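Enquirer: Handing you this structure, nothing more for now.
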Amino acid sequence: MSQTVDGVLRRASLYSDGRRYRILKLPPIAAALAVGVVAEIAMPFCALIVDKDEVTLMIPDEARSTFSSRLRGAIAGERAYRLITLDAALDPALVGLMARIAAALAAAGIPILTFAAYSRDHVFVSSDDFEAALRALQQLQDESA
């Protein structure tokens, strides 16, 4: 039986690790450097995206200071972010989950950054919006029950 958005929302827990994260931008030629940093971070969450225009890292703030000498020239976002993971194994064929999450947070006026892993979806919100985001997502879960 395939997953449904309401079913996932009903049974998933909302996980956060209590850390503050920062998003960084590096030039495309810094991909190998960024891979090395990610490999050494050894924290529960970090993300690396390499595209034709840039390298993007989402890393814990404490890692940013640890690796500052290797990340010279990186452009750091001004905001600190907090992680919210929808803690449920997701079927890659599931349609509409992130749309529902994004709509709930948009209705609350909360901007998001999203990252998808193999079986989990992760949302980053400004540290200032974290509590309101949790309330909005808990309300979404309650409405799905």
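Enquirer: Only one of (1) loosely packed, with under 14 Cβ neighbours inside 10 Å; (2) at negative phi is not met by LEU57, so which one is it?
Expert: (1)
Enquirer: Would you call LYS25 in contact with a Ser or Thr (Cβ under 7 Å, 6 or more places away or on another chain) and at pLDDT 90 or above?
Expert: On the way: in contact with a Ser or Thr (Cβ under 7 Å, 6 or more places away or on another chain): yes; at pLDDT 90 or above: yes.
Considered against the rule, which asks whether it is in contact with a Ser or Thr (Cβ under 7 Å, 6 or more places away or on another chain) and at pLDDT 90 or above, LYS25 comes out as yes.
Enquirer: Moving on. May I ask you to say which residue of ALA99, ALA93 is on the phi < 0 side of the Ramachandran plot and touching a Ser or Thr at 6+ places or on another chain (Cβ under 8 Å)? Show your work before the answer.
Expert: Numbers: ALA99 fails: touching a Ser or Thr at 6+ places or on another chain (Cβ under 8 Å).
The conditions single out ALA93.
Enquirer: Kindly indicate whether ALA39 is exposed (fewer than 13 other Cβ atoms within 10 Å of the Cβ) and modelled with pLDDT under 95.
Expert: Considered against the rule, which asks whether it is exposed (fewer than 13 other Cβ atoms within 10 Å of the Cβ) and modelled with pLDDT under 95, ALA39 comes out as yes.
Enquirer: Right, next: So GLY96 fits all but one of (1) surrounded by 15 or more Cβ atoms within 10 Å (Cβ to Cβ); (2) touching a residue at least 40 places away in the same chain (Cβ under 8 Å); (3) closer than 24 Å to ALA132 by Cα; (4) small (Gly, Ala, Ser); what number is the exception?
Expert: (1)
Enquirer: If I filter region 99-131 down to residues being outside any helix (DSSP H, G or I) and out of contact with any strand residue (DSSP E or B) (no Cβ under 8 Å at 6 or more places or on another chain), which single residue comes out as surrounded by the fewest Cβ atoms within 10 Å (Cβ to Cβ)? Step through it out loud before you land on a result.
Expert: Of the residues in region 99-131, the ones outside any helix (DSSP H, G or I) are 108-126.
Still in the running and out of contact with any strand residue (DSSP E or B) (no Cβ under 8 Å at 6 or more places or on another chain): 108-109, 117-119.
Working: ALA108: 16, GLY109: 9, ALA117: 11, TYR118: 7, SER119: 10.
By that ranking, first place goes to TYR118.
Enquirer: Would you pick out the residues in region 29-82 that are within 24 Å of ILE112 (Cα to Cα), assigned to a loop (DSSP other than H, G, I, E, B) and either within 20 Å of the chain's Cα centre (by Cα) or in contact (Cβ under 8 Å) with a residue 60 or more places away in the chain (or both)?
Expert: MET43, PRO44, PHE45, CYS46, ASP51, GLU54, ALA74, GLY77, GLU78, ARG79, ALA80
Enquirer: Going by the conditions given, is LEU86 at pLDDT below 95, under 20 Å from SER13 (Cβ atoms), touching an Asp or Glu at 6+ places or on another chain (Cβ under 9 Å) and buried (at least 19 other Cβ atoms within 10 Å of the Cβ)?
Expert: Yes, satisfied.
The values are calculated or read from the model by the stated rules, or taken from the named source; none is laboratory data. If you're wondering where the values come from, they're calculated on a predicted model, not measured in any experiment. Reconstructed Cβ throughout: ideal geometry from the backbone, glycine too, with neighbour counts over all protein chains shown.
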